[in-house]
Each structure stands twice: as structure tokens, then as C-alpha cells.
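Read the figures in this text as sums done on the coordinates, not as results from a lab. From a predicted model like this one, the values you see are computed outputs, not experimental measurements. Every residue, glycine as well, gets a Cβ built from its backbone with ideal geometry; the counts of neighbours run over all protein chains shown.
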Amino acid sequence: MLQLLVYLTFICATPAMAANTSGSLLKQPATEITVRLSNPANELKFEPNHLELVAGKRYQLRLTNPSQQKHYFTAKDFADSIWTQKVEAGKVEIKGAIHELELKPGAEAEWVFVTLKPGNYGLRCPIPGHTEAGMTGEIVVTN
Ligand SMILES: [Cu+2]
């Protein structure tokens, strides 16, 4: 009996419980969006560079890097405003908060999350020179 109590306490203390409040949100089908980090011509931009999302919806954001150099998808304020269900890359699945993804040439990743707070959030690739060259974007979350 004591063991059971300890076990329950442990479960309740895990961050995953925060997800329970949005449990029904996690069952809704995810809207798929693809964003390319640069392109085969190595242009320093996100395609598309403007995303419009709705708060309280579940999304499956597929990130690809079809260029010959690595890039980052960095949107810290956005990442703070959502609930990340998981990030899948290759055979690895990562649970919990994510702020930034680095994609090597040819890499692909899937970020599944639920938007929570409306707002305008910046997106950029912080590799020296890339933000300055225009590798930026905007994520708009509306009600
Ligand atoms: Cu870049």
C-alpha cells in the first residue's frame, strides 16, 4: 500500500501531468505543415517564412533541410507558448520542452505540439550571417 502511494505521488509530480489538462486536445487530428530550412539552391530563408496557426489546435510541423549546410529552427518564445507533445527525428522520439532544432543537410524532423497562447512569434536561424541574410520568419497564433 505504501508503495502504491509513493508511485502515485511520483506520477503526479511528472511534467506529463500538465498535459492532462489538454488531454482532449491531444486526441484531435493534427494539421500538417511543412517548413523547409533553406533549399537545394542554398538560399538563406525559410519556406514558407510566415505561419498562421490557431490557438488550441494540434499541429504536426514537418521540418526539412534540403540544402547542403546545417540550419536551425529557433523560435524560443513560440516554443514557450505551446505544449510540445513530441519531436520525432529518425528513430528517435523526444518528449518534453524543445526550444530549438538543428537540422543537418538532408535532415527531417517532426514536431507535434498544441498551440496555447495567441501572439506573434519570431523565427530565425542563428547561425552567423543567416539571420542577417534573411533566414527569419514569423509564426502568428490567433484565437
Ligand atoms: Cu541557417
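Stokes-Einstein D for segment 48-108 at 20 °C, 1.002 mPa s, Kirkwood Rh over Cα pairs, in µm²/s?
Translational diffusion coefficient: 167 µm²/s.
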Listing SER81, SER38 by rising number of other beta-carbon atoms within 10 angstrom, fewest first, gives SER81, SER38
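Using 0.36 nm times the number of residues separating ILE33 and GLN68, minus their current alpha carbon distance, what extension gain do you get?
Value of the extension gain: 10.4 nm.
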